[in-house]
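The values are calculated or read from the model by the stated rules, or taken from the named source; none is laboratory data. Computed from a predicted model, the values in this text were never measured in an experiment. Note that we place each Cβ from the backbone using ideal geometry, even for glycine, and neighbour counts take in every protein chain shown.
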Amino acid sequence: MTPANPDPIEALRDACAPLRFHPLPELLAFEELHGRPAGAVQWYSAAALAAEGWVPILFDKLRTEHGPGHRLPAATNFLRVTLREPIFLVSASLYLTGRAPLLDPDTLYLPWDTRAARFGTPVSADTRFAVLPGDPAAGRPDTVTARDADEQVRLAAEALFATFEPLIDALHGHSRAGKRTLWGWVLDTLHFYMLNPARYLARDAGDAWESAERLADAVVAAGAVTRRRPRLFPFAPGHPQGTWAVRGTCCFDYKGDPEHGYCTTCPLKCDTERAESLAQWLRDPALAP
């Protein structure tokens, strides 16, 4: 349902407020961002991070200071600390508000803390949204009106691909992690960030998954590559939170921490063990992600 609030950012924040987990980036005007004191933080646009050769330097620094030592989980961790919030922004906004953020490599900023040697929360500056005809937000300076829902999703997917591809290409070249692995992580996360709000709000998981599939299809059409897509995993039929999902691509965290073993959502984990772990979430919600 499209919010009555014509301000896409305010409406998104309101929609996310009931969620326990809502990793939004900071959504600021350029003036707010540039008015901040620099301190120990170096601000890189996604475009500059890729084009100016910073990905190998910061990847190595992050890996040396914080791990993991293995290159594969280090590569997916790099995606996690740079792209998690932008992915959530696109997925959650489209699912919860029906408005599609249009990421831009020149306006997505990734802050690097030189003292802590880690990335901070990304900032999306002057974010624009694709909206549908009849939306109260249509006609605002920060919106573009799409002809229909298909065009809206296509615009969001093409913007996401254009923003992420240079970073993923640079990360692939330096870490030697496959592009199908890296894009697979993005596509998996895109799905989970529609499914997770649906589960938490006791909405239909299948509907959320269909929305995620449409967005993922459009990202693949824009140029993303992957071997296998994630799948829904019903583990407690009839329970409003009894559906979760299995990743299509392993994040390889187990290679960095063998004692941890496979994640609950790992495609390498046996479904019987997965169902047992997920059932514990229903008995003790504190265990749930």
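Couple of notes before you dig in:
- Residue within the stretch 20-37 that is of a type outside the set (Val, Ile, Thr), under 19 Å from Ala130 (Cβ atoms) and in a strand (DSSP E or B) present: yes
- Candidates Ala245, Ala218, Ala205, Ala198: the one that is touching a Pro at 6+ places or on another chain (Cβ under 7 Å) and on the phi < 0 side of the Ramachandran plot is Ala245.
- Residues of the stretch 214-264 classified as buried (at least 19 other Cβ atoms within 10 Å of the Cβ), outside any helix (DSSP H, G or I) and not hydrophobic (A, V, I, L, M, F, W, C), total: 7
- Those residues of the stretch 105-119 which are surrounded by fewer than 19 Cβ atoms within 10 Å (Cβ to Cβ) and not in a strand (DSSP E or B), in sequence order: Asp106, Thr114, Arg115, Ala116, Ala117
- Restricting Leu83, Leu62 to those that are more than 15 Å from the chain's Cα centre (by Cα), at pLDDT 95 or above, in a helix (DSSP H, G or I) and surrounded by 15 or more Cβ atoms within 10 Å (Cβ to Cβ) reduces the list to Leu62.
- Here Arg203 fulfils each of the conditions (1) over 24 Å from Tyr262 (Cα atoms); (2) of a type in the set (Lys, Arg); (3) in contact (Cβ under 8 Å) with a residue 12 or more places away in the chain apart from (3).
- Taking (1) surrounded by 22 or more Cβ atoms within 10 Å (Cβ to Cβ); (2) among the polar types (S, T, N, Q); (3) over 15 Å from Leu83 (Cα atoms) in turn, Thr163 satisfies each apart from (3).
- Qualifying positions in the stretch 84-120 - of a type in the set (Phe, Trp, Tyr) and under 21 Å from Arg214 (Cα atoms): Phe88, Tyr95
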